[in-house]
Amino acid sequence: DWTMAAFKTEAIARIRAQVGKGKVICGLSGGVDSSVAAVLIHEAIGDQLTCVYVDTGLMRKGESEQVVSLFKNHYNIPLIHVDASDLFLGALEGVSDPETKRKTIGKLFIDVFDEESSKIEGAEFLAQGTLYPDVIESVSAKGGPSAVIKSHHNVGGLPDYMKLKLVEPLRELFKDEVRVLGQELGLHADFVGRHPFPGPGLAIRIPGEITREKVQVLQDADAIYLEEIRKAGLYDKIWQAFAVLLPVKTVGVMGDARTYENVLALRAVTSTDGMTADFFEFPWDVLGKTATRIINEVRGVNRVVYDVTSKPPGTIEWE
Ligand code: XMP
C-alpha cells in the first residue's frame with residue numbers, strides 16, 4: 001500500500017526526531033494497536049525501546065504466550081514480561097461493579113507498569129498505541145457528563161508521577177489503517193486482523209464477581225467460539241466476537257443426570273470503529289455447533305445464548 005508505506009517512512013522520521021537518543025518504554029497490551037506501535041518504534045530506534053507486558057491473568061486463552069513469543073523470539077525486541085495475575089485477581093476479589101473493576105484494573109496496571117518501568121534507567125518516553133477514535137472519545141468525554149460512558153484506561157491514564165513524554169505514532173489512524181501499517185511492518189495478517197480486545201480484558205466479560213475458575217471457564221469457551229468462527233471463514237467479517245459468562249444458573253440434562261450450571265452468552269458484531277455496531281447474522285449451523293461443543297467440552301456451562309442487540313442502544317461489551 002503506497003500511502004501506508006509513505007506514512008510509515010514519515011512516522012519513523014517523526015519518532016526519531018522526537019526521541020533522539022532517548023529511551024522509550026512501550027506498554028504492550030497484547031492487542032494490535034500497541035503491537036504495531038512497538039514494532040514501528042523498534043524499526044525507528046531499535047533497542048532504545050523496551051516493551052513491558054503486564055499479564056493481568058485476564059487475557060484470552062494462550063494470548064500472553066503468543067505475544068511474548070512474537071516479541072521476544074520473532075522480533076527480538078527487549079521485553080519485560082510480568083506475570084501479575086495473582087495480584088489482579090486478588091484485587092478484584094469481591095468486586096462486581098463494572099466501573100470499579102475498570103478502576104481497580106487501571107490503577108493496578110499503572111502501579112505494576114510504573115514499578116517495572118522504573119527499572120529501566122533513564123527512560124524519558126512512554127509509547128502508546130492510541131488511535132484517532134480514542135483521541136476523539138476521550139476529548140468528548142471531557143465535554144460533558146453524557147459522554148462519560150466508560151472510563152477507557154488507555155487514554156490519559158498517566159499519573160503525574162510518571163514524568164514521561166508520550167510517543168503516540170498512531171494518533172491519526174483508524175483501526176483499519178493500523179492493520180495495513182502492521183502488515184507493512186511485516187506483522188502476519190492473522191495477527192493484525194485480530195479483533196480488538198478491551199484493556200480490562202475478561203474482567204468485563206464476567207458480570208458479577210470474578211474468580212480464577214470463572215476466568216478459566218470463559219477462556220475455554222471463548223477459544224472454542226473463535227475456533228469455530230475461524231473454521232467457518234467468518235472471522236474477518238466480524239469486528240469483535242467473544243463470550244460472556246453469566247452469573248446465572250439454569251437446569252439442563254446430561255445423559256440421564258440433571259445439571260445446574262452457568263449460562264454463556266455469545267456476542268459478535270460488525271462495526272467500523274466500535275462507536276456503533278450491528279449484531280452479526282450468523283448462519284444457524286455455526287452457532288449450533290459452537291453451542292454443542294462448548295456444552296460438551298467446557299465444564300460449568302450447560303446453556304448457550306446469542307446476543308442480538310445492536311449499538312446503540314446496547315454497548316458492545318456487557319459491562
Ligand atoms: P462498548 O462496550 O463501549 O465498546 O460499546 C466499544 C469498544 O471499546 C472497547 N472497550 C474498551 N476498551 N478499555 C478498553 O481498552 C475499556 O474499558 C473498554 N470498554 C470497552 C470494546 O471492546 C469495544 O471495542
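Taken together, the values in this text are just the output of simple stated rules run on the coordinates, not laboratory data. Computed from a predicted model, the values in this text were never measured in an experiment. Counting neighbours? That spans all protein chains shown, and the Cβs are built from the backbone with ideal geometry, glycine included.
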Inset, instruction - Within 10 Å of each residue's Cβ, count the other Cβ atoms and sort Arg205, Arg258, Arg230 from fewest upward. - result: Arg258, Arg230, Arg205
Inset, instruction - Please quote Rg/Rh for segment 2-192 to two decimal places, taking the Kirkwood radius as Rh and restricting both calculations to Cα atoms. - result: 0.95
Legend entry - Length-normalised contact order for the chain - Cα pairs under 8 Å, 6+ apart - percent: 17 percent
Inset, instruction - May I ask for the net charge around Ser310, where only other residues with Cβ less than 14 Å from the Cβ of Ser310 are counted and Lys, Arg are +1 while Asp, Glu are -1? - result: -2
Legend entry - For Glu116, net neighbour charge (Lys/Arg +1, Asp/Glu -1) across residues whose Cβ lies under 12 Å away: -4
Legend entry - Counting DSSP beta bridges with both ends in the chain, the antiparallel % (nearest 5): 40 percent
Inset, instruction - Treating cross-link reach as a plain straight distance, find the lysines whose alpha-carbon is under 17 Å from the alpha-carbon of Lys231, omitting any fewer than eight places away in the same chain. - result: Lys289
Legend entry - Partners for Lys107 among aspartates and glutamates (Cα-Cα distance below 14 Å; same-chain residues under 8 apart left out): Glu99, Glu115, Asp160
Legend entry - Semi-axis lengths (Å, descending) of the ellipsoid that matches the C-alpha gyration tensor of segment 182-228: 27, 13, 7
Inset, instruction - Would you list which aspartates and glutamates come within 12 Å of Lys175, measuring only between C-alpha atoms, while excluding same-chain residues fewer than 8 positions from it? - result: Asp33, Asp134, Asp273
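Among residues other than Ala91 whose Cβ falls under 14 Å from its Cβ, what is the net charge (Lys/Arg +1, Asp/Glu -1)? Write down the numbers at each step before the final one.
Values: positive: Lys101, Arg102, Lys103, Lys107, Arg212; negative: Asp86, Glu93, Asp97, Asp111, Glu209.
Around Ala91, the charge tally is 0.
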Inset, instruction - Could you pull out every residue, at least 5 positions away or on a different chain, whose amide H is within less than 5 Å of the one on Ala277? Hs are placed 1.01 Å off N in the peptide plane, and Pro or chain starts have none. - result: Lys311
Inset, instruction - Let me have the relative contact order for segment 174-319, percent, based on Cα pairs under 8 Å that are six or more residues apart. - result: 23 percent
Inset, instruction - Using every pair of alpha-carbon atoms in the chain, split the distances into 10 Å bins beginning at 0 and state the percent of pairs per bin, rounded to integers. - result: 5, 25, 34, 24, 9, 2, 0
Inset, instruction - Over every pair of different alpha-carbon atoms in segment 212-252, take the mean of 1/r and invert it; report that Kirkwood radius in Å. - result: 11.5 Å
Inset, instruction - For segment 186-319, would you read off the P(r) tail past 27 Å as a percentage of all alpha carbon pairs? - result: 18 percent
